[in-house]
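Structure first, then comments.
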Amino acid sequence: MMMKKFFNWNHNPTPVTVCFSEALGYPCCSDPNAVVVTTDEFGQWSIENNEWCGILGSETTVPILTPTINTETYYLYNSASNNCIHSSGILDSPIILAYCDYFIYFLWDIPYTHNGHFHLKFDNTHCIMLSDDESLVLGECGDSSTIFYRNGNFIKSPIYTDKCFGLVNTYTLGLTECIEFDTNQIIYFNLWIDEPLEPIDN
């Protein structure tokens with residue numbers, strides 16, 4: 001019998017108040033007294049570093065409960081290169097396409113919705129992270145730079161919705177302009193399956 005790997009990361013089971021904008025893919029303003037530029041159904045917004053930010057304490061909803069996140073284990077495969085998305089396991093090291101040996105550094109625990117943190121199987125506190133130069137590195141899971149989502153067979157960031165995972169050089173991945181038929185950007189989410197146990201003959 002084959003068994004599917006399915007994990008339940010209970011990152012923070014207690015109710016916490018988080019900045020409403022982070023749940024929408026935008027940072028919280030560093031100054032809680034920032035100038036209000038606009039208000040919508042979520043709360044008040046300002047601008048910092050040429051980017052929208054939410055003003056903490058202006059939420060129009062009740063405090064957000066951090067949910068339990070159901071994840072499944074995948075290896076992320078690119079057929080054009082016949083390689084998988086790989087990490088060395090070292091923080092700040094580049095995310096690359098490399099030969100699929102199905103070792104733990106090729107396995108990613110990803111929310112079953114394919115929207116959220118892409119956790120390294122080896123250490124679920126480490127995720128694929130978008131760096132300032134739009135390259136992808138291994139980082140600590142947390143803010144919006146470590147949130148990605150699947151759009152068809154493309155992987156995108158809510159920060160740059162017109163960009164997708166793609167090669168920035170021979171093997172290194174970053175965010176590049178989404179091109180519909182660019183096979184270097186097409187990533188297949190292949191569910192990791194435990195091998196069936198073989199009966200032991202006595």
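The values are calculated or read from the model by the stated rules, or taken from the named source; none is laboratory data. On a predicted model such as this, the values are computed, not experimentally measured, just so you know. Keep in mind that these areas ignore ligands, DNA and RNA; they rest on the heavy atoms of the full protein, side chains included. Shrake-Rupley method; radii C 1.70, N 1.55, O 1.52, S 1.80 Å.
Could you report region 81-202's accessible area per residue, 1.4 Å probe, as an integer in Å²?
Details: 6360 Å² over 122 residues.
On a per-residue basis, region 81-202 sits at 52 Å².
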**Prompt:** If you roll a 1.4 Å probe over region 69-164 with all protein chains in place, what percent of the accessible area is carbon or sulfur?
**Reply:** 50 percent
**Prompt:** Rg and Dmax of region 82-202, using alpha carbons, in Å: what are they?
**Reply:** 15.1, 59
